[in-house]
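Data first, discussion second: the structure below is written as structure tokens.
The values are calculated or read from the model by the stated rules, or taken from the named source; none is laboratory data. Worth saying up front: this structure is predicted, and the values here are computed from it rather than measured. When the accessible area is computed, the model is the full protein with side chains, heavy atoms only, and any ligands, DNA or RNA have been set aside. Shrake-Rupley method; radii C 1.70, N 1.55, O 1.52, S 1.80 Å.
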Amino acid sequence: MVEHDVLLQRYDWLSAQILNRWKRSGAIRYFRGRGGKLVYPINDIRSAIEAEMNEGLRGT
């Protein structure tokens, strides 16, 4: 699990808007961790990044 803020720091190109789009589409799951902070399963994030990259390649 990785916290929302840590994720945005780790991937500087990633934005809260992209994360919200992934959450709405069901590409990633999210939970409330300690202190009510949003956390995401890292495998969901990796899968969503891979899908986003593949979609970008198909679009070109």
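Computed from phi, the 3J(HN,Hα) profile of segment 9-16 under the Karplus parametrisation 6.51, -1.76, 1.60 (θ = phi - 60°) reads 6, 5, 10, 5, 7, 7, 10, 4 Hz, with x in place of Gly and Pro.
Exposure check, 1.4 Å probe, all protein chains in place: Tyr30 carries approximately 120 Å² of accessible surface. Across segment 27-34, in residue order, what do the Karplus-derived ³J(HN,Hα) couplings come to in whole Hz, using 6.51 cos²θ - 1.76 cosθ + 1.60 with θ = phi - 60° and x for Gly and Pro? Karplus-based 3J(HN,Hα) across segment 27-34 equals 5, 10, 9, 9, 9, 9, x, 4 Hz. Amide H contacts under 5 Å for Leu38: His4, Gly33, restricted to partners 5 or more places along the chain or on a different chain, H placed in the peptide plane at 1.01 Å from N.
What accessible area, in Å² to the nearest ten, does a 1.4 Å probe give for Ile42? Approximately 40 Å² of Ile42 is accessible to the 1.4 Å probe. Counting only protein heavy atoms and a 1.4 Å probe, the chain has 74 square angstrom of accessible area per residue.
Quick check: the angle from helix 42-58's long axis to the longest principal axis of the chain, C-alpha only, nearest 10 degrees? For 42-58 against the chain, the angle is about 20 degrees. When the helices of the chain are scored as -39500 (n - 2.57) per DSSP H run of n ≥ 4 and the total is divided over every residue, the value at 222 nm lands at -17500 deg cm²/dmol. Dividing the convex hull volume of the alpha-carbon atoms in the chain by its residue count gives 79 Å³ per residue.
Counting protein heavy atoms only, the chain has 49 percent of its accessible area on carbon and sulfur, 1.4 angstrom probe.
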